[in-house]
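The values are calculated or read from the model by the stated rules, or taken from the named source; none is laboratory data. Nothing here was measured: the structure is a model prediction, and the numbers come from that model. We place every Cβ from the backbone using ideal geometry, glycine too, and count neighbours over all the protein chains shown. For accessibility, only protein heavy atoms count, side chains too; no ligands or nucleic acids. Shrake-Rupley method; radii C 1.70, N 1.55, O 1.52, S 1.80 Å.
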Amino acid sequence: INNYPASPYMVDAMEDVIYTQYAYMGQPQPSIDSALNYIAQAPGATWAPQLLWVAGRTYETEDKLEEAARIWLKIGTDYPDSDLAYNGLFFSGILFYRLNMYTEALNSFNRAALATQDPTFQSGAYFWLGKVHQNLSGQEKAIQQYEMAIQTDPIGYYAFRAKEVLEGTAPLPA
């Protein structure tokens, strides 16, 4: 990694170091620290969001949900043009929601809805905005978000879930 920074295998090597520390050495925090140190050395690198994703996933696996959420939020904040920007924002919102940090979840899902043009992904963000508004500001705003989920992707998963929530029916069985 240090001797061949232009190698096409550099990112693979960094990921292998991180994975080895986590999976084989049982050292989750050093693996996260390695990912963050690599990013600190080249914060503008195209691979930085990928390593942030790995660090966030490790925090999540270790049940450090707020740390994971903040790392994933950083992907959408610092790398808005990355292919991982939407996922970082969306999954940070999920974790903030799970932690009852509704203001942070609202921020993440609002930004996720704007971070993509894909109706399926936008619908997911609107659905979760509805769930956040049910806990934060009441039913009227929640209904508006559920309706947006339906309008954005009428035949998608989140449209069906939004209809179920609005109708008060149980989710589809497995």
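Quick notes
- Cβ crowding within 10 Å averaged over residues, with 42-52, 118-128 ranked highest first: 118-128, 42-52
- Cross-link partners of Lys64 among lysines, defined as those whose alpha carbon lies under 22 angstrom from its own and excluding same-chain residues fewer than eight positions apart: Lys74.
- Protection proxy ranking of 98-106, 166-174 - average other beta-carbon atoms within 10 Å, highest first: 98-106, 166-174
- The calculated P(r) of the stretch 86-130, using every Cα pair and 5 Å bins from 0, goes 6, 31, 38, 18, 6, 1 in percent.
- Dividing the C-alpha radius of gyration of the chain by 2.2 N^0.38 Å, with N its residue count, gives 1.17.
- Distance from the Cα centroid of the stretch 125-174 to that of the stretch 1-76 is 34 Å (rounded to whole angstrom).
- Accessible surface computed residue by residue for the chain, with neighbouring protein chains in place and a 1.4 Å probe, gives 55 Å² per residue.
- Highest mean packing first, where packing is the average number of other Cβ atoms within 10 Å per residue, the peptides 79-92, 13-26, 147-160 line up as 79-92, 147-160, 13-26.
- Surface composition of the chain: carbon and sulfur atoms hold 53% of the protein heavy-atom accessible area at a 1.4 Å probe.
- Counting only residues at least eight positions apart within a chain, or on another chain, the lysines with an alpha carbon under 19 Å from that of Lys141 are Lys131, Lys163.
- Sum of -39500 (n - 2.57) over DSSP H runs of 4+, divided by residues of the chain (222 nm, nearest 500): -22500 deg cm²/dmol
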